[in-house]
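> The structure that follows is given in the form of structure tokens.
Laboratory data are not the source of any read-out in this text; all were calculated from the coordinates shown. These numbers were taken from a predicted model, which means no experiment stands behind them. Note that each Cβ is placed from the backbone with ideal geometry, even for glycine, and that neighbours are counted across all protein chains shown.
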Amino acid sequence: MKIGDDYIIAHDQTPSNDQGWSVILNGKYENTVLKYTHIELDGNKMTFGHEILFNPEDYDVVSDEFIDHIADVLKDIIESHHEKKAMVYYSKKTGERIDYE
């Protein structure tokens, strides 16, 4: 996965969340727009929710293949932002910010 080739990160225009972002997919799910509704990292385990904002070709967005695809996209986003130190992490248990070196 690679930003710009496989997906684009866009500002989410939802008025309730001016810090929100969404993802526009390229390739097999061309122009499908989604946002991740929650993301949890626990060691090597990642869980997330998502909401489809636009599905231009009525793609099968409930298939395991699609879920695996958007999981790979999310993994790439997290890894690239973590490398740039652009991510902010909070403990689910305590609510405290976790800084990674």
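> Below 9 angstrom from the Cβ of Trp21, what's the summed charge of the other residues (Lys, Arg +1; Asp, Glu -1)?
Taking every Cβ under 9 Å from that of Trp21, the sum is 0.
> Using modelled amide H (1.01 Å from N, peptide plane; none on Pro or chain starts), what sits under 5 Å from the amide H of Ala10, excluding residues fewer than 5 places away?
Here the answer is Ser22, Val23, Ile24, since their amide H atoms fall under 5 Å of that of Ala10.
> Now, a different point. If you add up the charges near Asp6, with Lys and Arg at +1 and Asp and Glu at -1, over every other residue whose beta carbon is less than 15 angstrom from its beta carbon, what do you get?
In short, -4.
> Taking the alpha-carbon set of the stretch 16-76, what are its Rg and Dmax in Å?
11.9, 36
> Just want the ordering: Val61, Val33, from fewest to most Cβ atoms lying within 10 Å of their own Cβ.
Val61, Val33
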